[in-house]
Amino acid sequence: MTQTEAQAQAPAEKTQKPIVPFLRLPEVAEGEAYLVGSKCKSCGLIYLGQRRACGKCFSRELEEVRLSNEGELYVFSVVHQTAPGIPVPYIAAIVDLDDGVSVRANVEGLDPNKPDKSWFGTRLEMFTEKVRTDREGNEVIAFKFRPKK
Amino acid sequence: MRDVVILGVGLIRFGRYPEKTVIDLASEACLNALEDAGVSMKDVQFFASGNLYQANAMVGQRILKEIGHTGIPVVNVANACATGSTAFRMAYSAVASGQYDIAMAVGSEQMGKAGLLGGGGGGGGGGGGGGGFDPAYITEGVLGSGTMPAVFSHTGIEHMRRYGSTVEHFVKVAYKNHKNSVHTPYAQYQQAFTMEEIANSRMISWPNTLLMCCPTGDGAAAAVIASADKARQFTTHPIKVAASVLTSDPYTEHDLAMFDVNTLTRNAAQEAYKLAGITGRDVNVVELHDCFATAELVHYENLGLCPEGEAHHWLDEGKFDIGGRVPVNASGGLISRGHPLGATGVCGIAEISWQLRGQAGGRQVEGAKIGLAHVIGLGSACTVQILQK
């Protein structure tokens, strides 16, 4: 079969979809995924994701901003028992991004069987990976963090 | 606002009652409270029922049909783990405002074996983003965890980061509470464990092991309250409600990603102490929200029982033991007595009432005159009630 014929027989193109709306996947293969936030034009507070109003100063004027891909490990737990289908143990963390927004995320690259207070403040960088396939056959992409080299 | 007193309290032993309905459980607790108060349902003018799992199913009215089909106003309350104590506060407000003279609050829950991994444990967060019902978009375990054992681990770990408390301190909290529960006839579990047994029990979400997590179960607790004036007609032991405060979580740096259970507790405690005219150091006995062993330590400081950063030192020195400076969770806390969600908030109030009356048996805190009941409902709500003899 020629290459053209093979391509004609290939299944409909699958896309990648972010697991949450505030994860923006790159438009081109070389691009970087990032988290989207909303910044209050009045008090400057930055939120994760979209907002209708600022919870702190009550302003209705917010603008979309791109959030930092790096941060530090604030606190963590290591989950050993959870719903079926989730590989355990995993590190469930609160990550403080450099721009002041905190996110819940998994951290990889640290040994979940050796949790330790030395982990506090670890510099982290975000990465993305496919976690599942949805009902339409799209790849579901999630973000995680790992220690920055 | 006029003075309000507790005329009577009642509950049923927390445990598992698969053969009963939640209305059975709640009705029994109510009848126990009415008997303790020497009050009939014909005297009760306002009824607040706290229940989570059947929050949309008119539990309050169904209880009244069992015990007093009188047509009085009923409010059904939901506030996560603070459901019962919020129901109490609703009843308190109804009487303090002058609108009603005698009111009743009951908290109940029948949980089956779902556990607190699911959303029923209260608190939002951890849910999926887009994608509707496609389970491929569930974020639990993929973007961190919103399960209660993990979330409340974060609470304790933050104290570890700030003040240097250790895993051993969290184990010690569980050790203290399990030891206390031996003297609590209504506790779901009444068994002491060694530090090793607790530390080596099955890991749920580090550092919380199984014996550091409150069990789910069924239960109900109720309280009958009245205006101080009206209380004179009844010959039980009135316990004064010196303060009944409810707060939600205000904006703080981490609150949107990681539930901040500290600020709203501090706010509630400050307001309550002001209303009662006391400080945290005047409190003789405390029941606070130890849903997980990692959740208790921070509240020693949040409630002003000890200085900032000293929680683990005071714990080491036995200051929170029965016989110590300010016994915390003499009942065994949620960890031992169980956490039927809606019931817990009223149970703490019942326990403090018994302590102040000298009716706490083997777990009695000698000479207790001022007691405090604290609950956190994740998402969040905090209630602080100060009771005085």
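The values are calculated or read from the model by the stated rules, or taken from the named source; none is laboratory data. Just so it is clear, the structure is predicted and the values come from calculations on it, not from any experiment. All Cβ positions, even for glycine, are placed from backbone atoms using ideal geometry, and neighbour counts span all protein chains on display.
Entry remark, the stretch B:140-187: residues being of a type in the set (Ser, Thr, Tyr), closer than 22 Å to A:TYR74 by Cβ, within 22 Å of the chain's Cα centre (by Cα) and more than 7 Å from chain A (Cβ to nearest Cβ) number 1 in total. Of the residues A:VAL65, A:VAL75, the single one that is within 7 Å of chain B (Cβ to nearest Cβ), under 26 Å from A:GLY121 (Cβ atoms) and assigned to a strand (DSSP E or B) is A:VAL75. In the stretch A:26-38, the qualifying residues are those that are within 14 Å of another protein chain (Cβ to nearest Cβ) and closer than 27 Å to A:ARG60 by Cα, and the one that is surrounded by the fewest Cβ atoms within 10 Å (Cβ to Cβ) is A:VAL36.
Of the residues screened, B:PHE234 is not one that is assigned to a loop (DSSP other than H, G, I, E, B), within 14 Å of chain A (Cβ to nearest Cβ), touching a residue at least 40 places away in the same chain (Cβ under 8 Å) and crowded, with 17+ Cβ neighbours inside 10 Å.
Might you let me know whether the stretch B:91-105 holds any residue that is hydrophobic (A, V, I, L, M, F, W, C), crowded, with 19+ Cβ neighbours inside 10 Å, closer than 28 Å to B:GLU19 by Cβ and at pLDDT 95 or above? Within the stretch B:91-105, one or more residues are hydrophobic (A, V, I, L, M, F, W, C), crowded, with 19+ Cβ neighbours inside 10 Å, closer than 28 Å to B:GLU19 by Cβ and at pLDDT 95 or above.
Counting just the residues of the stretch A:46-64 that are free of Cβ contacts under 8 Å to residues at least 40 places away in the same chain and buried (at least 16 other Cβ atoms within 10 Å of the Cβ), which one comes out nearest to B:LEU143 (Cα to Cα)? Here the answer is A:GLY49. Within the stretch A:109-143, the set of residues being part of a strand (DSSP E or B) and either more than 8 Å from chain B (Cβ to nearest Cβ) or over 18 Å from A:LEU35 (Cα atoms) (or both) comprises A:ARG123, A:LEU124, A:GLU125, A:MET126, A:PHE127, A:THR128, A:GLU129, A:LYS130, A:ARG132, A:THR133, A:GLU139, A:ILE141. Regarding B:LEU211, is this residue within 14 Å of chain A (Cβ to nearest Cβ) and under 22 Å from the mean Cα position of the chain (by Cα)? Considered against the rule, which asks whether it is within 14 Å of chain A (Cβ to nearest Cβ) and under 22 Å from the mean Cα position of the chain (by Cα), B:LEU211 comes out as yes. One residue stands out in the stretch B:255-271 among those that are out of contact with any Ser or Thr (no Cβ under 7 Å at 6 or more places or on another chain) and closer than 18 Å to B:HIS159 by Cα: the one that is surrounded by the most Cβ atoms within 10 Å (Cβ to Cβ), namely B:THR265. Report yes if some residue within the stretch B:349-364 is within 14 Å of the chain's Cα centre (by Cα) and part of a loop (DSSP other than H, G, I, E, B); otherwise report no. No - not one qualifying residue is present in the stretch B:349-364.
What residue, among those in the stretch A:16-41 that are modelled with pLDDT of 95 or more and small (Gly, Ala, Ser), is farthest from A:ASP96 (Cα to Cα)? Ranking the candidates gives A:ALA33 first.
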